[in-house]
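K.L.:
I am attaching a structure below and will ask some questions about it afterwards.
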């Protein structure tokens, strides 16, 4: 027969064990329920298209405008005049205001061992935490392709989407890609009322 003291000790041990299990479950659930840093809408991205092979720069800007609800889903006013322009870059949209959104090219520096990767990653992180998307140029099999960074994963690496025609592309390990490239340029923006 157990004494009341032994029963009390067993109850305390059981309650302690339950609180540890509950804390682990809560931590796990919190990690799984992490909210997106931006107002990302996968349906808007899926409905968007890159309509020309070389129109990924204006395509990415249109995508951001659509995600910000500044233009309708039918908006392709940037890709249509651009068509397959091969000599374009972020400078074509630097300091341009489109539908109340002013875009800014940043980090247009040589890609090499002296590239300020830490500062670039801090800038992207700051933009995401402020709820803003970041357009990034990443190396691809055909040269370069533009992506929209919309969030970060549980390890703090950036997540990005893009389009190839009507196909939605997803990029993970964006930081590693940028490190391997020894830097890249980005487009940020500010909203006008």
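The values are calculated or read from the model by the stated rules, or taken from the named source; none is laboratory data. Everything numeric in this text was worked out from a predicted model, so none of it was measured. Because the Cβ atoms are built from the backbone with ideal geometry, glycine has one as well, and the counts that use them run over all protein chains shown.
K.L.:
Could you please give the count of residues in the stretch 146-158 that are at pLDDT below 95 and within 11 Å of residue 60 (Cβ to Cβ)?
P.N.:
The qualifying residues number 0.
K.L.:
Got a sec? Which strands (runs of 3 or more DSSP E) wholly within the stretch 110-193 have at least 3 residues that are crowded, with 17+ Cβ neighbours inside 10 Å and without any contact (Cβ under 8 Å) to a residue 60 or more places away in the chain?
P.N.:
134-140, 158-164
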